[in-house]
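Colleague: Questions regarding the structure given below will be posed in turn.
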Amino acid sequence: MEINIMQADNNTTIALKGRFDFQTHQEFRRTVDGLLRSGKATLTVDLSQVDFIDSSALGLLLLARESCEKAGGGVILNQPKDYVDKVLKLCHFDQLFQVQR
Amino acid sequence: MNGVSVPTVIGVQDLLDQSFVEIHFAISSKETAVASAVAMVRRAMEMLALDNDWVARAELCLQEALLNAHFHGNHGDPERTIRVGCILSSEKIELHVEDEGTGYPVNRDYSSVDTMHPRGRGLFLIHQLMDSVALNGAGAHIIMSLLRSQNHGNQHYAG
């Protein structure tokens, strides 16, 4: 998976591309932890180019949400593809996260 | 190939009508082998031109079952093995995953999930996305099926 960080005004976006699953665990956590350390507590995770998501990635999103909320921010999920959106809904993530469609 | 044994293909029949493929192989209990196994089965499903919705469901559930087998069944021990069996056709997909552990709790209710807990969604997703899920023996062998006779209707998973 490819991870890109984009900064615009006060918005920090983590743009993901490809498969978001158990193989990206460390890279995603490192990215979130680094942004939190640099004072970015509200993160948008751009899912518009994610083709596959598994339960490990859902766990990562929950951990990121918890860390960001502790720092006074939160996590927003942006433009999940149909496939990914259905998994998010199945696991009630649309009730836990702000999802921009 | 990344800890994946050479697959045994049991049968390929009538490519124009009742085509199906039955594959059996074993993998080392390693994350790289899990990824290779999932990619191989996905390619087989795509070669058979199976329904996109089925491919997406089967791919995710196979990955979840293999990861459960690796992390929980085999405790991440690369000396242990996970055995995989797949029957792939336009009428039925049947996936078998068997580890060397003591098994899942067979009688647990997997129909709901703790939304706040970062773990425990694998078996929930499998039970939500497959038409039939069975645990054999003590639960170390999971059998997951999609059946054409089931009406998937509006529950389509892949767009």
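The values are calculated or read from the model by the stated rules, or taken from the named source; none is laboratory data. For clarity, every value in this text was computed on a predicted model and none was experimentally measured. Using ideal geometry, Cβ is built from the backbone for each residue, glycine included, and neighbour counts are taken over all protein chains shown.
Results for (1) in contact with an Asp or Glu (Cβ under 9 Å, 6 or more places away or on another chain); (2) farther than 22 Å from B:Met40 by Cβ, shown as yes or no for each residue.
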position	(1), (2)
B:Leu88	yes, no
B:Glu91	no, no
B:Glu98	no, no
B:Gly101	no, yes
B:Val113	no, yes
B:Gly122	yes, no
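Colleague: May I ask you to list the residues in region B:25-43 that are part of a helix (DSSP H, G or I) and out of contact with any strand residue (DSSP E or B) (no Cβ under 8 Å at 6 or more places or on another chain)? Break it down stepwise before answering.
Modeller: Taking region B:25-43 and keeping what is part of a helix (DSSP H, G or I), we get B:31-43.
Matches in region B:25-43: B:Glu31, B:Thr32, B:Ala35, B:Val38, B:Ala39, B:Arg42, B:Arg43.
Colleague: Name the one entry in B:Glu22, B:Glu31 that is within 14 Å of chain A (Cβ to nearest Cβ) and of a type in the set (D, E, K, R).
Modeller: B:Glu31
Colleague: Another question about this same structure. Could you tell me which of the residues B:His96, B:His70 is buried (at least 17 other Cβ atoms within 10 Å of the Cβ), assigned to a helix (DSSP H, G or I) and modelled with pLDDT of 95 or more?
Modeller: Testing whether each residue is buried (at least 17 other Cβ atoms within 10 Å of the Cβ), assigned to a helix (DSSP H, G or I) and modelled with pLDDT of 95 or more leaves just B:His70.
Colleague: Does B:Ala58 count as buried (at least 20 other Cβ atoms within 10 Å of the Cβ) and more than 12 Å from chain A (Cβ to nearest Cβ)?
Modeller: Spelling it out, B:Ala58 is indeed buried (at least 20 other Cβ atoms within 10 Å of the Cβ) and more than 12 Å from chain A (Cβ to nearest Cβ).
Colleague: Of A:Val75, A:Val50, which residue is under 24 Å from B:Leu129 (Cα atoms), without any contact (Cβ under 8 Å) to a residue 60 or more places away in the chain, touching a helix residue (DSSP H, G or I) at 6+ places or on another chain (Cβ under 6 Å) and in a strand (DSSP E or B)?
Modeller: A:Val50
Colleague: Something else about it: Take B:Ile93 and decide whether it is within 21 Å of B:Phe25 (Cα to Cα) and touching a helix residue (DSSP H, G or I) at 6+ places or on another chain (Cβ under 6 Å). Walk me through how you get there before you give the answer.
Modeller: Values: within 21 Å of B:Phe25 (Cα to Cα): yes; touching a helix residue (DSSP H, G or I) at 6+ places or on another chain (Cβ under 6 Å): yes.
So B:Ile93 passes the test.
Colleague: Next question. Within region A:23-33, identify whether any single residue is within 14 Å of chain B (Cβ to nearest Cβ) and at positive phi, and answer yes or no.
Modeller: Looking for residues that are within 14 Å of chain B (Cβ to nearest Cβ) and at positive phi, one finds none in region A:23-33, hence no.
Colleague: Here is a further query. Would you confirm whether any residue within region B:17-24 is in contact (Cβ under 8 Å) with a residue 40 or more places away in the chain and among the aliphatic types (A, V, I, L, M)?
Modeller: Yes, that holds for at least one residue.
Colleague: Tally up the residues in region A:65-79 that are facing chain B (nearest Cβ under 10 Å) and either within 22 Å of A:Asn4 (Cβ to Cβ) or crowded, with 21+ Cβ neighbours inside 10 Å (or both), please.
Modeller: 1
Yes or no, residue by residue, for (1) at the interface with another protein chain (Cβ under 9 Å from one of its Cβ atoms); (2) over 19 Å from B:Phe124 (Cβ atoms); (3) within 10 Å of the chain's Cα centre (by Cα):
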position: A:Lys81; (1), (2), (3): yes, yes, no
position: A:Val87; (1), (2), (3): yes, no, no
position: A:Cys91; (1), (2), (3): yes, no, no
position: A:Arg101; (1), (2), (3): no, yes, no
